[in-house]
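Written below as structure tokens is the structure these notes are about.
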Amino acid sequence: MSSGIVTTPDELLRAIARQARMPMVRIGEALVSLGMITPEQLTEALSRQQLDRRVPVGELLVNSGAVSRAELQIALRRKMGYPLVDVDAFQPEPEALRKLSYTTAQRLEIMPLLVHEGRLVIAMDDPSNRHSAIDEAEFNAQMKIVPVLAQCRDLNRALHAAYDRIGALADNRFGNATLQPLEFAPSNTEDLLLTLEKEGTKDGADEDESIEQSDNSLVRMINRMIIDAHESGVSDIHIESYPGREKIRIRFRKDGQLRSHLELPPNYRNALIARIKIMCDLDISEKRKPQDGKINFAKFSPQHKIELRVATIPTNNGLEDVVMRILASAKPIPLEKLGLSVSNMERLKRAVERPYGMVLCVGPTGSGKTTTLHSALSHINQPERKIWTAEDPVEITQAGLGDLH
């Protein structure tokens, strides 16, 4: 590492470890302490930022001529501990590059460098103030981001060379290649797909605009979220929308307890909920009434035989929340495999074999009520019997039953 400039992965990891031990300092305070600007200049820049909070303080100071971009990088490096990476000399890992598409990296002006301990390290010009770019990178990569400082003669040229080396200049098939989007009629999805596939053209675009992507990262994110929930034994997925610039919160319910799983930038709100509605054939234009539906996830990924019950509900400020219940099985389990004791099994069989009466099956969320009842129905489902079920929505289907919903 020459003059503190990072050129190799080992140097970068050591520099990141050093940064983690440093105290947090605001960029304005760092510039003042280094004597690069006066307290009055900082106060003036902070006042100007009140007019447009999307412009970082550091950028305002550079634009006003108070500091140069080189001085800004010195402050970020010395006082805030950000590693300074020579992007022209550093060889990015192919795994890191595949976490973000070429078009996304080019639009956000970031260079993926490496993946370490489940985090993606990226190089950018001002890590301390480009929070929206970091949020979007986290969403697209579906992993935490570690930003570092980029030193580069021409970032676009470096990005082109890096992605060209792995043959990914025009390849948007990143992430889990087995996860393919559902095929729907164009009339149902045209507006959403156009929104997702448009490419952002300006860094100064309004952050309140719906997210625009060209690599279907939203589709892959939802796929990955459902698979993660299923593999973790989660019973419910809660998607909670908040007004203004509040992030969307995604929480998983497991063993009765809600735990935070992911937070997304607010400009993903409409596309995220619309996509889920499309997956279960709900009306994407209806936002004032609750809707219920069902997702057959095998249409996304044939190796994942998962079904989900979906409920949307309107909230204040014209927003919507979504709850998705992961159904344990789309097929009934044989009665003998429910785990009942011998005596309870005999009692249950006698009860369901009667020609009249009622069997009550009660229990908390995810305890197996529907599974138990369908196993009982499977036990008495014979060709000489006609059986109707009333479910809303239908969770489990089996041959020989008529489903009313």
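Throughout, read-outs are computed from the coordinates displayed, never taken from laboratory work. From a predicted model like this one, the values you see are computed outputs, not experimental measurements. Reconstructed Cβ throughout: ideal geometry from the backbone, glycine too, with neighbour counts over all protein chains shown.
The share of C-alpha pairs in the range 37-139 whose separation exceeds 16 Å stands at 63 percent.
Count charges around Val87 for me, please; just the other residues with Cβ under 12 Å from its Cβ, Lys/Arg as +1, Asp/Glu as -1. Local net charge: -3.
Remark: the Asn317-Arg26 segment gains 101.4 nm on full extension, using 0.36 nm per residue and subtracting the alpha carbon distance. The ranking of Asp10, Asp126, Asp88 by Cβ neighbour count inside 10 Å, starting from the fewest, reads Asp10, Asp88, Asp126. Using the alpha-carbon centroid of each, what span in Å lies between the range 89-124 and the range 300-363? Each part reduced to its Cα centre gives a spacing of 43 Å.
With the Kirkwood sum run over all distinct C-alpha pairs, the range 335-404 has a hydrodynamic radius of 13.1 Å. Annotation note: trypsin sites (Lys or Arg not before Pro) in the range 228-270 located in DSSP loop regions with a Cβ neighbour count of at most 15 within 10 Å are Arg245. Counted by neighbouring Cβ atoms within 10 Å, the residues Ile122, Ile250, Ile145 run from fewest to most as Ile250, Ile145, Ile122. Between Ile5 and any residue 5 or more places off or on another chain, the built amide H atoms are never under 5 Å apart.
Measuring r between the beta carbons of Cys361 and Ser132 and using R0 = 51 Å, the FRET efficiency lands at 0.55.
Segment Glu286..Arg165, full-extension length gain: 39.0 nm, with 0.36 nm per residue of separation and the alpha-carbon distance subtracted. Computed over the range 270-353, relative contact order equals 19 percent, with contacts defined as Cα pairs under 8 Å that lie 6+ residues apart. Our coupling estimate for the range 145-155, obtained by passing each phi through the Karplus curve with A = 6.51, B = -1.76, C = 1.60 and θ = phi - 60°, is 10, 10, x, 10, 7, 9, 10, 7, 6, 8, 5 Hz, Gly and Pro reported as x. In plain terms, the chain from Glu231 to Leu258 could stretch by 8.1 nm, reckoned as 0.36 nm per residue minus the Cα-Cα distance.
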